[in-house]
Each structure stands twice: as C-alpha cells, then as structure tokens.
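Computed from the coordinates by the stated procedures, all read-outs in this text should not be read as laboratory data. If you're wondering where the values come from, they're calculated on a predicted model, not measured in any experiment. No Cβ is skipped: glycine too gets one built from the backbone with ideal geometry, and neighbour counts run over all protein chains shown.
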Number of protein chains: 2
Amino acid sequence: MKGLRDRIIESVGEDLLQIEKALLDNLNPYLPLVSHVGRYILFSGGKRIRPLLMVLSARICGYSGNQDKRFSAIFEYIHAATLLHDDIVDGAEIRRGNPVSHSIWGNPATVLVGDFLLSRSISLATEAGSVKILKILADTTAQMSEGEIEQLLNRDNPDISELDYMEVIKRKTACLIQAACHVGAILAEATQEQEKAMADYGYNLGIAFQIADDLLDYVASTDVFGKSTGKDLKEGKLTLPLIHALGNATAEDRERMIAIVKDSDTTVREFEEMVNFIEKYGGFSYAKDRARHFVSEAKKSLSIFKPSNTRETLSLLADYVLEREL
Amino acid sequence: MKGLRDRIIESVGEDLLQIEKALLDNLNPYLPLVSHVGRYILFSGGKRIRPLLMVLSARICGYSGNQDKRFSAIFEYIHAATLLHDDIVDGAEIRRGNPVSHSIWGNPATVLVGDFLLSRSISLATEAGSVKILKILADTTAQMSEGEIEQLLNRDNPDISELDYMEVIKRKTACLIQAACHVGAILAEATQEQEKAMADYGYNLGIAFQIADDLLDYVASTDVFGKSTGKDLKEGKLTLPLIHALGNATAEDRERMIAIVKDSDTTVREFEEMVNFIEKYGGFSYAKDRARHFVSEAKKSLSIFKPSNTRETLSLLADYVLEREL
C-alpha cells in the first residue's frame, strides 16, 4: 500500500512545482545578499505545507484564477522570516540538517533578511487588493512574535500549564497555518461558512502539527529530521509531553525532572532519564492523543464540502501530521 | 530671537502631546516584555519627527478627521523597530545616551519586539482601510531592510560613490519620512498634486536629515547628542563627507585614509586625523551644501499650498534639519 506521503505528492506534485517557481520568481529581482540568505533558508528542504494549504483551500472553495501560486509564496516567506529570527533567538546551530544562516552570515544579515522577507510578503499581499487579507496577515505576524516572546518568557519555568502551552503554539504555529487556509478561502470569494470551515481546518491542523513536532523532538533522530534530539529540553522549552508528565509525577520525580529542566547543559544521560519519566507518566501517549484529537477536528471541518480530490488531499494532509511522528 | 526649535514646539506642542498618548495607547494591551522593551525604545528621547510630519501633512491637505494621531504612531513604531534591529546589526552599545536594548534584554527579545512593532504598525494601518496606504508601508519597510543590507555590504569599502551613498540613505531614511508625509496626504484625501508635493517634501527632507545626521556623527560630542563621536568611522560606514574627501584626495592621502577606514579599531588620534583630511578636501562643507540643497527642494514642494501656520511649521521643520548640525 502506498504511503500517505506518496499519495499526497501524487495529487499535488504539479502544484508543488509551481509553488517552487513562485517562491523563486518573487525573490529574484532583489539584492544579492537578500536572495542569497533568502534562498538558503527558502530552498533547503522546506515542505511547503503553508503555500500548499493556501492553494488547496482556494481550490476547495472554487477558486478559478491564476494568482494562487503567486500569493501562496507569502506564507512561505513569513515562515522563512520566522525561522531566520528564531534561529537567532534559540541560538540554534543546525536546522533541517544544515548549519543555520546566522552561523554563516552572522546576526546582522540574518535579522535584516528576515525583515526583508516579512515586508516582501506584506508587499506581495497588497497586490491582492484586499484589506481583509492584509489585516489577517498583519495580525498573524504580530501574534507570531508575541507567541515567540511568550515562549521566551516561559523558558525553564516548570509551572507552565497545558493552557499556557496551547496559547503559545496557537500563536507561534497554528495562527499562520490558519491564515494560509483562511486567505485561500477569501481569494476564492468563498461563503462565510466556507471561510470559517477553512480557518478552523487550518487552526486545528496547525495545533496538531506543533504537538507532533514537539513529540518528534523527543523521538526523532538527527539523521532523518535534520534536528538534534532533545533540542527543546536543552533550550529549557517545556512542551506537552513533559508538561503532562510534570503534572502527574510524584513530588520526588517532579523535583528531579525540574532539576533536569533547569540544568543549562543537558547531557544525553539526563535526556534519556527525562524520556523515561515522560514515558512513566504517559506524557507521550497523552500528547499523541491530543494531536489525534485536533487532526480529527480538522477533518470534521471539511465535511461541509462535497467529496472531491481536493477534499481528499486536505484530509490526507491532516493524517500526514500524525504519520510523521509514528 | 527665539530659536527654531522653540518656534516649532510652540506651534505643535499640543500635537506632540497627543502623539505621545497615541504611542502609549496603541501599545498598552500587549504582553509585558513587549511593552517593556517597546516602551524603552519608544520613550527614551525620540523627537517624533515622523508622526509629527504625518499629522502636519494631513493637516496641510485639509484633513478634518480625528484618527491622525492614532495612525501617526505607525511611523514611530516602524522607526523604533528599525532602531532595535539596527542596534543588533551595528553592535552599538549606546543610543541617545542610553544603553541599547539588546545589551539589556539580549538579542532574542530585541529581535522579537522589533518584529512585533513592525507587525503592529501594519496591523494598525489596516484600520485605515486603504490598500494604497498598506502598499506604501510594505514597500517602505522592504526598502528599508534592503538599504540596511546594502549598507552592510558596503562596509569598509573605500570605493563606494556618492551615488551608492544616496541610494542607501534614500532607502534607509528618506523612504520612511517620505511615506509619513505621503500617507498623511492620502488620509486627507488630497489631490494627486498635493500627494506628490508632500511625498517630494518628505523625500527631500529625509535625504537632508540623513546627510545632517552623518555630519553630526563627525562634529557632535557625546553629551549633547547621546552618541559617541565617530561611530560611523568606527563601524566602517563611509558617509558623504568622507566619500567626497576620498574622491578628491591625492594618492598618498587617499592611501592613508583608506588605511584608517580599514582599521577595525579606530583610535581617537586616527579619528582626528581623518577629520583633518575631510576638512582639507572640503568634505564637510560639501555635505552641508548638499543638505542645504535638499532642504531648499523640500521647501519648494510646499509652494503649491497657500500660506498657513501649518505650511510655516513644515518649512521651519526643514530648516531645523540644518540647524541641528550648525
């Protein structure tokens, strides 16, 4: 049986090619360093999930124009700008298996190219001529930086709740994916009901996506996903599996777990110890259940549309979020 | 006789108070760190020249609404975001006599709050409901980051021409001041002719402003302007006085000047030596002449408006650019 990934790529392969082209076209006339740093971050293995979701959301709402690929680049540019700035914030050295850009070009160029991509994305969006779309984008990027700031303030804090966590991932991840789907619907001049359905789909998919990503940080190996194992723990970022385990641990275990969280130089042994604690208190299976719940919510939103290849692909994309981590 | 500064403040004192209030109001509901870092950069001695220009530009074009102060905050937020990110780019330690924010809150918070202010400014602008205004803002911020990137690429390069320099200051400074004046006119539903006049006024004022600022970096003392003397030279930034002098120097002097530019650790003695070279080749008086030229162009643009207090104040503001450096 074909894997989910293959089935998705089979149905959207042509879209992905056109999205790649749009990403390049909209960046080309700009200054050398911009396109250098910009291209490096944009063309080093991203999955284009955000532009793809915009294109499919427009399509399921009946879009018949030819500007969808062009506008879909907006969401990859915003995403890339965030990656550039987050790498400075996190002090990360590796992303998707490559050295991060600030370790190659330095903080200055990385900050400025991030700014450029952000402005370029808004500038591109003005071409759609819709204040409504621009408002969604501006509010989204404002929320994204607030989410990152909140996450920064929460660092090393063992008392953050599942609610705090949800608030952060809503802002830093779900918000942009929701915007991609919502804007796709608006481009297609969708009905209110369709708009809401796609925004909800994007929101739930985004939440599931981030929970799965945070799970992956515990279970994935560097080779496959281009990320060091246990990056979040190393940076003092508490994610759902750990938050759930902390909430259910005995006083003694909790104390030890907090000591590991606060250790600024987490060893592999400490990481493994933490994995065992999380396992013991059901943190991984809880997080998986939550991710499944949001995937199922996302799929429910699609039910107002009549069956079609596009609906099927959107549904497969939701499932794929889960498969990544299994 | 009253100084220019006093005359300007007398005529716009009430506007400045309302601008201060708008800057605070539009920031208030946000996260603690955002308003902390945001306030620090926003409320540590800025001159509010950009919001003030927007308000006066709207007024001279007959604006009669009550949203001008609110929207004028956009231009101070964008300016503040740029300052935050530039301080990281420049590695500066002091701005306006105070330690810069990244030395207090660190790069992460500084990057993210800059991002937030940028997004917040676009978000605020969407309330005006004009795609035209949003396009100007997005193009402006994109140009600003390109200008900064270009300046970064030009560092330590003794071969940059006056034209290269003009290109950089157009993007990094004039563009935003032009946008403030242009958007003021659009808010007032000005005629095409008035719109163009105010955009031209802003552009020329912005160019003069940056040339004067670059001159100040050579002639000002730290006490009065909160800047270390010779910061640009220290950072390998070639500005107009030096570019002009380099272009007119003998081969021998030029060689020595280039050696000073390339020295990454400029001493006070080297700085003084450079000041003498620039003096010898008329770099300072040339830059002053250029600044005067652009101030006079700015004032010419105002001639399409009938005489009024507002026109007088805009004219005084142009003169004030020059007085700062005399």
Sites A:GLU127 and A:LYS21 - FRET efficiency at Förster radius 22 Å, r taken between beta-carbons, to 0.05: 0.85
Label point distance in nm, B:ILE258-A:ARG5, each placed 7 Å from Cα along Cα→Cβ: 5.3
Inter-copy label distances at B:SER285 (7 Å, Cα→Cβ; nm, one decimal): 8.7
Label 7 Å beyond Cα on the Cβ vector: B:GLY129 copy-to-copy distances, nm: 1.8
Highest-MSF residue in chain B out of B:MET166, B:MET144, B:MET198 [GNM, Cα springs under 10 Å]: B:MET166
Highest-fluctuation residue, B:LEU176, B:LEU124, B:LEU23 considered, GNM on chain B with Cα pairs under 10 Å: B:LEU124
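Per-residue ellipticity at 222 nm for chain A, helices alone: DSSP H runs ≥ 4 residues times -39500 (n - 2.57), over residue total, nearest 500 deg cm²/dmol?
Working: 16 runs with 243 residues, N = 326.
Computed ellipticity for chain A at 222 nm equals -24500 deg cm²/dmol.
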Efficiency of FRET from Cβ geometry, B:THR267 and A:LYS306, R₀ 56 Å, rounded to 0.05: 0.15
Of A:LYS172/A:LYS237; B:LYS21/B:LYS69; A:LYS196/A:LYS299; A:LYS135/B:LYS196, those spanning more than 20 Å from alpha-carbon to alpha-carbon: A:LYS135/B:LYS196
Gaussian network model of chain B, Cα within-10 Å springs - most flexible of B:ARG59, B:ARG50, B:ARG269: B:ARG269
Centre separation in Å (Cα based) which lies between the range B:128-160 and the range B:248-320: 21
Using alpha-carbon coordinates, inclination of helix A:283-301 to the longest axis of chain A, degrees: 20
The range B:4-323 - charge dipole about Cα centre, Lys and Arg +1 at Cβ, Asp and Glu -1, debye rounded to 20: 940
Only Lys, Arg (+1) and Asp, Glu (-1) charged, at Cβ; the protein assembly as shown dipole about Cα centre in debye: 1580
Local net charge near B:THR126, Cβ-Cβ under 14 Å (Lys/Arg +1, Asp/Glu -1): +4
Sites A:VAL219 and B:ASP164 - FRET efficiency at Förster radius 60 Å, r taken between beta-carbons, to 0.05: 0.70
Estimated distance in nm for a label pair at A:ASP156 and A:ASN276, the labels positioned 7 Å out from Cα along Cα-to-Cβ: 2.6
Positive-end residue, chain A charge dipole about Cα centroid, Cβ charges, pick of A:ILE60, A:LEU316, A:ILE49: A:ILE60
Net charge, A:PRO51 excluded, C-beta distance under 12 Å - Lys, Arg +1, Asp, Glu -1: +2
With Cα atoms, 0 to 90° folded angle of helix A:268-280 axis to chain A main axis: 80
Partners for B:LYS280 among lysines (Cα-Cα distance below 19 Å; same-chain residues under 8 apart left out): B:LYS288
Debye, to nearest 20: dipole size of the range A:175-326, +1 on Lys, Arg Cβ, -1 on Asp, Glu Cβ: 320
Shielding by partners, peptide B:192-205 (average Cβ within 10 angstrom, other chains): 0
Angle in degrees between helix A:251-262 and the longest Cα principal axis of chain A, rounded to the nearest 10: 60
Chain B, relative contact order [Cα under 8 Å, separation at least 6], %: 20
